[in-house]
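Asks: Got a structure for you, written out below as structure tokens; questions coming shortly.
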Amino acid sequence: MYPNKITIQTARGLLERGEVSAWEITQACLDQIEARDDDVHAFLEVYADQALAAAQQSDERRKAGETLGVLDGIPLAIKDNLLLQGKKCTAGSKVLANYIGAYTATAVQKLLDQGAIILGKTNMDEFAMGSSTEHSAFGPTKNPRHLEHVPGGSSGGSAAAVAAHMCLAALGTDTGGSIRQPASFCGVFGLKPTYGRVSRYGLIAMASSLDQIGPITQDAEDAGLLLSLMQGSDAKDQTTADAVDFEPAWKKDLKGVRVGLPREAWGAGIDEAVRERVQAAVQSLKKLGAEIKEVDLPYADEALAVYYVLMPCEVSANLARFDGMRYGRRESAATLFETYAKTRSQSLGAEVRRRILLGTFALSRGYYDAYYLQAKKVQSLIRRGYEAAFREVDILAMPTTPTPAFKLGEKTGDPLAMYLSDIFTVGANVAGAPAISVPCGAVGSLPVGLHLIGKWFKEDELLAVAKAYELEVGRGNS
Ligand code: GLN
């Protein structure tokens, strides 16, 4: 047995029965990081000594018949836009290269309270803007399945770390697909919760009305476990909803479940091999008893355009704080204005500056109505489209991405091509609905993901479908 290659649920059982120690699991993950991370570059920082010390404490607690909670002794990784008190938090940006977290993000704290061990921080596109992790100021992460290909992004480091068994699971963040797209590219599970399910306190904001923290895991059950622990209202994030007794109703068959295939998502532009794998996955759902039907998702085609207006607008406001005065790096210059300009032009990457410019333009006088306001209106139409579809079906199914992982460098010169890899994922963010990417085979060595979108706050149903599928075809990441 390789104690780094197990799910959280398996680890819990082994730990409870004393068949493995937290120290052994943690050491196995660290060994794997040592063996593979020079090539993969999933981590920006690893807290090896601290993690081993925490593991030892966990083992001692357990020997004394005590545990902090259900994650006691389980090593996890977190994306580097999540604050951990006393640790560097760069968000993949040069401007925050030496920034130290002043407090711990609520979602992370909830896992720590259950005894989780944080192994380190994972690489990401700068401020979570990107689909390949190539926009990190600290160099790209590679896809552990195929080192010439990208792991996806922006949570590419987290997805790669889980896929390469450097941790048992990881946290990512998803504003337009950044959990699901890398999970799909790396062959693991990635869940974006309903907007408001998990507190964003302590997450470095990209687009606050769309951002959500979520788990990247080896299976559906682990995703459900982490979500159930992280959810809940938080006085420090006014958009959060109360925690519910959240227990996915695991089922072996899918009788009575209505799965909709949005016509808009199955049109042109999908790689034929991807289409074939995802169609086969839908056939498996049917075999399990699900009722499959085509549905309309009105205005779904507009989701990418709406996202690329709303998101930069929010980015331009959120990133105003990185001005060389309040946070992070400062370039010295003669006047205040020059200091702002020099700091922002030298410490923020090209993609980030592009979005700040686009957002500032779209929000400026005379353009606000034409862009931001218009996009907000279309967002309502999109949301209503989802409401209509969910009157007919329980779950929507489509590919997570139109192609498998592309090659490093393939899209860095063409932002639009990069943006198009989010074509199927952004809709769930614009509508605020929960969605998951489930591994469903591969094209050669490159994994393919089945994308399932569920009703608002019905992650339990979403996970039950994902789990039934997983039981039928296997997990896919050995
Ligand atoms: N790839 C998308 C973007 O570049 C999504 C990013 C995200 O979800 N954080 O904006």
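Asks: Go through the residues of region 225-244 one by one and say whether even a single one is outside any loop (DSSP other than H, G, I, E, B), polar (S, T, N, Q) and within 16 Å of the ligand (Cβ to nearest atom).
Replies: Within region 225-244 (the criterion being outside any loop (DSSP other than H, G, I, E, B), polar (S, T, N, Q) and within 16 Å of the ligand (Cβ to nearest atom)), the answer is no, since none of the residues qualifies.
Asks: Turning to a different aspect of this structure: Of all residues in region 167-217, which are assigned to a helix (DSSP H, G or I) and among the hydrophobic types (A, V, I, L, M, F, W, C)?
Replies: Listed by number, the residues that qualify are A183, F185, C186.
Asks: Within region 294-301, identify whether any single residue is of a type outside the set (A, V, I, L, M) and within 16 Å of A137 (Cβ to Cβ), and answer yes or no.
Replies: No, region 294-301 has no match at all.
Asks: Okay, moving on. Restricting the search to region 303-328, which residues are in a helix (DSSP H, G or I), open to solvent by 40 Å² or more (accessible area, probe 1.4 Å) and more than 12 Å from the ligand (Cβ to nearest atom)?
Replies: A305, A317, A320, R321
Asks: Follow-up. Which is among the polar types (S, T, N, Q), open to solvent by 10 Å² or more (accessible area, probe 1.4 Å) and either under 24 Å from T90 (Cβ atoms) or within 13 Å of the ligand (Cβ to nearest atom) (or both), of S208, S158, S199, S184?
Replies: Among S208, S158, S199, S184, only S208 is among the polar types (S, T, N, Q), open to solvent by 10 Å² or more (accessible area, probe 1.4 Å) and either under 24 Å from T90 (Cβ atoms) or within 13 Å of the ligand (Cβ to nearest atom) (or both).
Asks: Residue check, T343 against (1) among the β-branched types (V, I, T); (2) closer than 27 Å to V430 by Cα; (3) open to solvent by less than 10 Å² (accessible area, probe 1.4 Å), all met but one. Which one?
Replies: Going through the list (1) among the β-branched types (V, I, T); (2) closer than 27 Å to V430 by Cα; (3) open to solvent by less than 10 Å² (accessible area, probe 1.4 Å), T343 breaks only (2).
Asks: Also: Tell me which of these I8 doesn't satisfy, since it passes every other one: (1) open to solvent by less than 10 Å² (accessible area, probe 1.4 Å); (2) farther than 24 Å from L147 by Cβ; (3) touching a Gly at 6+ places or on another chain (Cβ under 9 Å); (4) not polar (S, T, N, Q).
Replies: (3)
Asks: Ok, one more. Determine if region 164-171 includes at least one residue that is out of contact with any Gly (no Cβ under 9 Å at 6 or more places or on another chain), under 14 Å from F406 (Cβ atoms), aliphatic (A, V, I, L, M) and away from the ligand (no atom under 11 Å from the Cβ).
Replies: Within region 164-171, not a single residue is out of contact with any Gly (no Cβ under 9 Å at 6 or more places or on another chain), under 14 Å from F406 (Cβ atoms), aliphatic (A, V, I, L, M) and away from the ligand (no atom under 11 Å from the Cβ).
Asks: Considering only residues that are open to solvent by less than 10 Å² (accessible area, probe 1.4 Å) and either out of contact with any Phe, Trp or Tyr (no Cβ under 9 Å at 6 or more places or on another chain) or within 11 Å of the ligand (Cβ to nearest atom) (or both), which ones fall in region 423-434?
Replies: T425, V426, A428, N429 - these are the residues of region 423-434 that are open to solvent by less than 10 Å² (accessible area, probe 1.4 Å) and either out of contact with any Phe, Trp or Tyr (no Cβ under 9 Å at 6 or more places or on another chain) or within 11 Å of the ligand (Cβ to nearest atom) (or both).
Asks: Note down all Cβ pairs under 7 Å where the first residue falls in region 166-178 and is on the phi > 0 side of the Ramachandran plot and open to solvent by less than 10 Å² (accessible area, probe 1.4 Å), the second is near the ligand (Cβ under 6 Å from one of its atoms) and part of a loop (DSSP other than H, G, I, E, B), and they're at least six residues apart or on different chains.
Replies: Here the result reads G177/D422, each pair linking region 166-178 to a residue that is near the ligand (Cβ under 6 Å from one of its atoms) and part of a loop (DSSP other than H, G, I, E, B).
Asks: Which residues, taken from region 382-403, are of a type in the set (D, E) and touching a residue at least 40 places away in the same chain (Cβ under 8 Å)?
Replies: Within region 382-403, E392, D394 meet the criteria.
Asks: What single numbered condition from (1) of a type in the set (A, V, I, L, M, F, W, C); (2) more than 12 Å from the ligand (Cβ to nearest atom); (3) in a loop (DSSP other than H, G, I, E, B) fails to hold for L452?
Replies: Every condition holds for L452 apart from (3).
Asks: Out of A290, A281, A268, which single residue is over 24 Å from the mean Cα position of the chain (by Cα), of a type in the set (A, V, I, L, M, F, W, C) and at pLDDT 95 or above?
Replies: Step by step, each of A290, A281, A268 is checked, and only A290 is over 24 Å from the mean Cα position of the chain (by Cα), of a type in the set (A, V, I, L, M, F, W, C) and at pLDDT 95 or above.
Asks: Among residues belonging to region 82-125 that are part of a helix (DSSP H, G or I) and open to solvent by less than 10 Å² (accessible area, probe 1.4 Å), point out the one that is nearest to G196 (Cα to Cα).
Replies: A107
Asks: Taking region 37-61 only, how many residues are touching a residue at least 24 places away in the same chain (Cβ under 8 Å), out of contact with any Leu (no Cβ under 9 Å at 6 or more places or on another chain) and open to solvent by 70 Å² or more (accessible area, probe 1.4 Å)?
Replies: Qualifying residue count for the region: 1.
Asks: Taking region 373-422, which residues are away from the ligand (no atom under 16 Å from the Cβ), crowded, with 23+ Cβ neighbours inside 10 Å and among the hydroxyl-bearing types (S, T, Y)?
Replies: Y386
Asks: May I ask you to list the residues in region 131-155 that are open to solvent by 10 Å² or more (accessible area, probe 1.4 Å), more than 17 Å from S347 (Cα to Cα) and not hydrophobic (A, V, I, L, M, F, W, C)?
Replies: Passing the criteria: P140, K142, P144, R145, H146, E148, H149.
Asks: Would you call S347 away from the ligand (no atom under 16 Å from the Cβ), polar (S, T, N, Q) and within 30 Å of E461 (Cα to Cα)?
Replies: no
Asks: Now, a different point. Answer yes or no as to whether E338 is open to solvent by 80 Å² or more (accessible area, probe 1.4 Å) and more than 26 Å from N98 (Cβ to Cβ).
Replies: no
The values are calculated or read from the model by the stated rules, or taken from the named source; none is laboratory data. None of the values given here were measured: they were computed from a predicted structure. Don't worry about glycine lacking a Cβ; one is built from the backbone with ideal geometry, like all the others, and counts go over all protein chains shown. Heads up: the accessible areas ignore ligands, DNA and RNA and are worked out on the full protein's heavy atoms, side chains in. Shrake-Rupley method; radii C 1.70, N 1.55, O 1.52, S 1.80 Å.
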